[in-house]
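Heads up: the structure comes next, in structure tokens.
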Amino acid sequence: MKKFLRVLLKVVLAILGLAVIVAIVAAIYINKNFLNIDKKDKFSKIEINELSSDGYTFKDLNRNGALDIYEDARQPIEARVNDLLSQMTLEEKIRLVKGSGMGSAIGYGPKDGIPGAVGTIVPIPRLGLPTLYLSDGPAGLRLSTFGKENKNPHYCTAFPIGSLLASTWNTELVEQVGVAMGNETREYGIDVILGPGANIHRNPLCGRNFEYYSEDPVVTGEIGAAMVNGIESNGVGTSVKHFVANNQETNRNNNNAIVSDRAMREIYLKGFEIIVRKSQPWTIMSSYNLVNGTHVSASKDLLTDIVRNDWGFEGLVMTDWFGGTNPPVELSAGNDLFEPGTRNQYKTLLKAAENGELAEADIDTSVKRILSLILNSQKMKGYKYSDSPDLEAHAQVTRNSATEGMVLLKNKAALPMTEAKNVALFGVFSYDFIAGGTGSGDVKEAYTVSLEEGLTNMGYQVNLAAKDAFLAHKAANAKAFKKPEGTLSAMINSYNPPEFIPSEGQLKPISEEADIAIITIGRNSGEGKDRLKENDFDLSGNEQKLIEEVCEKFHAAGKKVVVVLNIGGVIETASWKDQPDAILLAWQGGQEGGNSVADILSGAVNPSGKLPMTFPKTLEDHASSANFPMGGVPMDTRSMMASKEAKPEAEQIKDVDYTKYEEGIYVGYRHFDKNNVDVSYPFGYGLSYTSFGYENMNVNVNDKTINITVSVKNTGEVAGKEVVEIFVAKPETMIDRPVQELKAFAKTPLLNPGESVELSLNIPVSDLSYWNETTSEWTLEEGVYQICAAASSRDKRLTSEINL
């Protein structure tokens, strides 16, 4: 009977897998997103002559034998755009706003396409405008490692995940990562990379938190702006996403986020605002979800009134893939580009333009934004990409940045491992490190360094008895250790191999032979579904047992135990953190992750990362947990590529069809501080192998800026870096406001023992304002403010007062 049931289960799973494939293929076929409309001239080869005029050599893009204004790179972009626009037909304009090109991502497409690119801005050969390519990329380009008649595999560097980069609190370092990522973008022929992600960590269970930076908008904005500036320094574009309030994967296409104006302005919009003001990205991606009853892609308030009129955004807005429901309304609202473009969208837009429902002036506005991007692109400037970026150099960038973003949560004289030689590794992910999350945030890297490899490279001996025991466990569970292949498969099927707990007979001799034990706890998540509390946020029973038994045996032998967290999002730590001697939050450090961890464990690098979010004692301690989908509903493949109209109110399901952000502005540490909730590890927390002293804090205020200086001294015995966090509080307030809010931060250079540095930080006075919902404007409350220099949200070192 059992055998029959197993066979039946296999048949059912096979049928379900086939159904998923059929549903996706059908969705693509129905949308006809890369067929018909652009087939006649898409990717067409055209001969462009070079001519001279008044000693100036130019490309005769439209082959009319004359120098048009748009062909003259000496002219202002605005004049060139207007000239181009005047030469375009209505059909060409609509084809331009309707993107295309999903075929390259699934193997369809031209011989000269870029394998794995997920969309394009379509060419207009008649005017000499080239195809521009778009690719996923929050943690590195996501291209295919093969292509039609392309023998050069497009391996890309897997950089650290967003949460790790935010943990560096180092904008200069993040910009360097962006420079490397932008170089790969340019050299592989991609014109716009779809990232970074700038959504707020509202709740730990969001499946894509690993792509995003922080629970705090200032950290999000500053790190995000640094990434954009680095990438775009290469002459390629970014698409900051997912704008806005896209804080859950459950029913992401149709979920209605019900958010107060104040929470939107102070929390969910603020990070995007900082990025726009400090980096002026080429594009922003509108999110699938609704905000207060309107799809973001159709919200004129968000896309035009706020982003453009309030913030001064100059770029274009594109949909998320297959997002939106009403193209004419969305284009009029300020959504300029529809990706990856469908035949129905083209027909709908053309019909609306012809019958007067869609004003041609609105079409022209969007077309001009797209033309500006095209004219600024490397392809329009004739750049010949090499198809061969310096992956070796970029691997060093990812190793260095990953090391700086790892957070030492606990250390009771266990680290660095200066005396240990023989290291016993426990936990299945010690031997198979997780480089990054799944879905569009994944990268097809050439390799991933495991913790085992990293320690070996550093000169440690990996205990063979512990390794052999693991290998035997893996062989006995071979099917469970087989990873899902392909992006879609990884989105649907979680890789969660069974944990290995050595027997008493195995563990005792290992504890006697090895000098130290390392237990790796792994977690992965990604696009398409949210995480679960059981066996995900909380450790599984086997993981708890593994930590307990390894600690018991090694401590009995007088040996230390270190836990390494190879995770993409926050997990529960309060129930077990007292057992090991040290805990290192390694995050997911990209392809060099094992080497980066070994750098920290060995002492080659002193940890300097700090938490960009809070680690609560329990999931329920988060206020947002009262209004978040706790069921981890899997992605519905039938609707994954399309939004749809809302259900009748009576049929809507709480936290699935709508989510009330009842916590308002009290997200993360703002909530924990306001309600005096004890936490496992506070926002901004992180240990070092040395210690630091803060002194000589000076605060001066003029009409527009608060100028702060503070000295930091390395008071320990090891060189290291320190992050100074500036929190602002208003003890005597007439409004409901957080106890304190982060307003600035800075990181020291590497300080030798006894060395000091003076840091200078500036806060615009306007940043102390709150969003007044009565007047719909930013309002500065007069009175006394406290300016605190802190090592974390709950470790204040120096305080000064100012009167505004």
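The values are calculated or read from the model by the stated rules, or taken from the named source; none is laboratory data. Keep in mind that what you see is a predicted model, and the values were worked out from it rather than measured. Neighbour counts run over all protein chains shown; Cβ positions are idealised from the backbone, glycine included. These accessible areas exclude ligands, DNA and RNA; they are computed on the full protein's heavy atoms, side chains included. Shrake-Rupley method; radii C 1.70, N 1.55, O 1.52, S 1.80 Å.
Details
- Charge tally in the Cβ shell below 11 Å around GLN506, where Lys, Arg are +1 and Asp, Glu are -1, GLN506 excluded: -1
- In plain terms, the chain from GLU392 to VAL765 could stretch by 129.8 nm, reckoned as 0.36 nm per residue minus the Cα-Cα distance.
- Additional length obtainable on full extension of the chain from LYS545 to VAL784, 0.36 nm per residue less Cα span: 80.9 nm
- Range of Cα positions in region 696-737 per principal axis (Å), largest first: 47, 25, 14
- About the centre of its Cα atoms, the chain shows a dipole size close to 2260 debye [charges on the beta carbon of Lys, Arg (+1) and Asp, Glu (-1) only; nearest 20 debye].
- Distance from region 416-442 to region 686-765 (C-alpha centre basis), Å: 33 Å
- Model label sites at GLU314 and GLU485, defined 7 Å from Cα along the beta-carbon direction, differ in position by 4.8 nm.
- Global geometry of region 403-553, whether rounded, prolate or oblate, following the gyration tensor of its Cα atoms and the 1.5 cut on a/c: prolate
- Residue-level accessible surface for LYS98, protein heavy atoms, 1.4 Å, Å²: 0 Å²
- Solvent exposure, largest accessible area first (probe 1.4 Å, DNA, RNA and ligands not counted), of ILE267, ILE48: ILE48, ILE267
- Positive-pole candidate from MET380, ASN292, SER401, dipole of the chain, charges at beta carbon: MET380
- Across ARG95, ARG277, the residue with the most accessible area heads the list, and the full order at a 1.4 Å probe is ARG277, ARG95.
- Equivalent-ellipsoid semi-axes for region 500-621 (Cα gyration tensor, √(5λ), whole Å, largest first): 25, 19, 13.
- Pairwise FRET efficiency - SER756 versus THR799, Cβ, R0 = 25 Å, nearest 0.05: 0.80
- Placing a pseudo-label 7 Å from each Cα along the Cα-to-Cβ vector at SER52 and LYS278 gives an inter-label distance of 4.9 nm.
- Amide H within-cut-off set for THR342, under 5 Å, with H built and near neighbours excluded: none
- Over the chain: helical MRE at 222 nm, DSSP H runs n ≥ 4 each giving -39500 (n - 2.57), nearest 500: -8500 deg cm²/dmol
- Separation of region 47-66 and region 374-394, taken as the distance between their Cα centroids, equals 24 angstrom.
- Calculated FRET value between GLU357 and ASP72, using beta carbons and R₀ = 41 Å, to 0.05: 0.65
- Largest accessible area first, the listed residues ARG265, ARG126, ARG208 line up as ARG126, ARG265, ARG208 when surface is computed with a 1.4 Å probe on the assembled protein chains.
- Rough spin-label spacing in nm, given labels placed 7 Å along Cα→Cβ, for GLN506 and LYS412: 2.6 nm
- From the coordinates shown, volume of the Cα convex hull per residue in Å³ corresponds to which of [x] 179; [y] 333; [z] 159: [x]
- The phi torsions of region 620-632, fed into the Karplus equation with coefficients 6.51, -1.76 and 1.60 and a -60° offset, translate into couplings of 5, 5, 6, 4, 5, 5, 6, 9, 8, x, 8, x, x Hz, rounded to whole numbers, with Gly and Pro shown as x.
- Accessible carbon and sulfur surface of the chain relative to its total accessible area, %, 1.4 Å: 50 percent
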